[in-house]
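The values are calculated or read from the model by the stated rules, or taken from the named source; none is laboratory data. None of the values given here were measured: they were computed from a predicted structure. Note that we place each Cβ from the backbone using ideal geometry, even for glycine, and neighbour counts take in every protein chain shown.
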Amino acid sequence: MKNNQKVVLITGTSSGMGRATAIHLAKKGYIVYAGSRTPQKLFDLGLKNIYPLKIDMTDLQSVENAVSQIDKIDILINNAGYGLVSTVEDVTEEEMFNQFNVNVFGIMRMCKAVIPKMRDQKNGVIINISSFLGKIGLPLLTFYNASKYAVEGITDSLRYELREFNIRVHSIMPGFFDTNFARDNLVTNSKTFSDTSPYASMVSSLAPVIVEQINGGNSAKEVAALILQIIEDEYSPARQTAGDKAKKFIPMKKELSDEDFERRVRAYYDL
Ligand SMILES: NC(=O)c1ccc[n+]([C@@H]2O[C@H](COP(=O)([O-])OP(=O)(O)OC[C@H]3O[C@@H](n4cnc5c(N)ncnc54)[C@H](OP(=O)(O)O)[C@@H]3O)[C@@H](O)[C@H]2O)c1
């Protein structure tokens, strides 16, 4: 490793945005530690700058073991996440806790383990992959929404907490992206999705539309390019959108009253 080569640690790299980002940054000369529950899925890449690393974000010991194997970390990208699709009245304690354990506490554990290294180095960049659903609510996605609103809060607080140590913190709010998200990483509650659920008509009209929008969404390469831009431009804004849907809805959310925005979303999704 050359002394001036920057080292990146990224989570959730077996597919989608994480994998695209690992490849893009490695091709640009970064040393990439590619965190995953299934690091063997990265073995086919054959890029010499990528080091697959097993990380279970729900286990602090696993996170600390992984981080202790890396001498310096210049950039942390908290990307791993999944979506729980459930009404509030149907959710189980386990489903509810696990959504936050991965999407929120997982990020906290990664930051907790990596920040001391960045603080010693007196520099670092942390990029949290949130969602445009971190600013906009939708039915059946309350727990995913809450987790991503939390990611936005983590970003805001950490920006103050880490500023004096020269550690930048940013979030990216993607719209819909064609990754494995809808195919492998949407977890559905069985009661909500049963034919006898009082929410059956909402489920049958909304869920297929969301899945179609994700699968027909933007390319993960766009997020990878934006991540590189944020890393390389120290004046990058605190948060940025990525993809068509986020670029349409986030400015609309800022401009309209809550009620007018809600009316637009109702009309758009026929809610
Ligand atoms: N696709 C979209 O439309 C969209 C929109 C907005 C935001 N996002 C966010 O973007 C990030 C990347 O998602 P993606 O679209 O690239 O989807 P993806 O292809 O499904 O990748 C998500 C990765 O997160 C990790 N992950 C999933 N479930 C997990 C769990 N239970 N425990 C630990 N890790 C888990 C997995 O990595 P490993 O298997 O390697 O551990 C998986 O490869 C997520 O945080 C997602 O919420 C996605």
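Worth a mention:
- Residues in segment 58-67 that are farther than 16 Å from residue 10 by Cβ and under 19 Å from the mean Cα position of the chain (by Cα) were compared, and the one that is nearest to the ligand (Cβ to nearest atom) is 58.
- Just one residue in the set 77, 50, 55, 70 is within 17 Å of residue 231 (Cα to Cα) and either away from the ligand (no atom under 16 Å from the Cβ) or of a type in the set (Val, Ile, Thr) (or both); that residue is 77.
- From the options 89, 95, residue that is at pLDDT 95 or above, among the acidic types (Asp, Glu) and in contact with a helix residue (DSSP H, G or I) (Cβ under 9 Å, 6 or more places away or on another chain): 95
- Residues of segment 1-24 satisfying the condition of being away from the ligand (no atom under 15 Å from the Cβ), at pLDDT 95 or above and not in a strand (DSSP E or B): 6
- Identity of the residue in segment 102-132, among the polar types (S, T, N, Q) and surrounded by fewer than 17 Cβ atoms within 10 Å (Cβ to Cβ), that ends up nearest to residue 226 (Cα to Cα): 123
- Candidate set: segment 212-223, residues that are buried (at least 16 other Cβ atoms within 10 Å of the Cβ) and near the ligand (Cβ under 10 Å from one of its atoms); chosen: the one nearest to residue 172 (Cα to Cα): 223
- Tally of residues being over 17 Å from residue 16 (Cα atoms) and among the basic types (Lys, Arg) across segment 38-52: 1
Okay, residues lined up against (1) in contact with a strand residue (DSSP E or B) (Cβ under 9 Å, 6 or more places away or on another chain); (2) in a strand (DSSP E or B); (3) away from the ligand (no atom under 11 Å from the Cβ):
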{"residue": "133", "(1), (2), (3)": "yes, no, no"}
{"residue": "139", "(1), (2), (3)": "no, no, yes"}
{"residue": "144", "(1), (2), (3)": "yes, no, no"}
{"residue": "147", "(1), (2), (3)": "yes, no, no"}
{"residue": "158", "(1), (2), (3)": "yes, no, yes"}
{"residue": "168", "(1), (2), (3)": "yes, yes, yes"}
{"residue": "173", "(1), (2), (3)": "yes, yes, no"}
{"residue": "191", "(1), (2), (3)": "no, no, yes"}
{"residue": "198", "(1), (2), (3)": "no, no, yes"}
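- Residues that are in contact (Cβ under 8 Å) with a residue 12 or more places away in the chain, in a helix (DSSP H, G or I) and under 30 Å from residue 4 (Cα atoms) within segment 205-252 comprise 220, 221, 222, 223, 224, 225, 226, 227, 228, 230, 231, listed in sequence order.
- Given (1) within 16 Å of residue 134 (Cβ to Cβ); (2) exposed (fewer than 14 other Cβ atoms within 10 Å of the Cβ); (3) more than 20 Å from the chain's Cα centre (by Cα), number of the condition residue 233 does not satisfy: (1)
- Any hit, segment 83-100, residues being near the ligand (Cβ under 9 Å from one of its atoms), within 27 Å of residue 189 (Cβ to Cβ) and touching a Gly at 6+ places or on another chain (Cβ under 7 Å): no
- Which listed residue is over 20 Å from residue 238 (Cα atoms), at pLDDT 95 or above and within 19 Å of the chain's Cα centre (by Cα), from 137, 153: 137
- Some residue of segment 114-130 being touching a residue at least 40 places away in the same chain (Cβ under 8 Å), under 23 Å from residue 88 (Cα atoms) and either of a type in the set (A, V, I, L, M) or in contact with a helix residue (DSSP H, G or I) (Cβ under 6 Å, 6 or more places away or on another chain) (or both): yes
- Among all positions in segment 31-43, there is at least one residue which is closer than 22 Å to residue 181 by Cβ and surrounded by fewer than 15 Cβ atoms within 10 Å (Cβ to Cβ).
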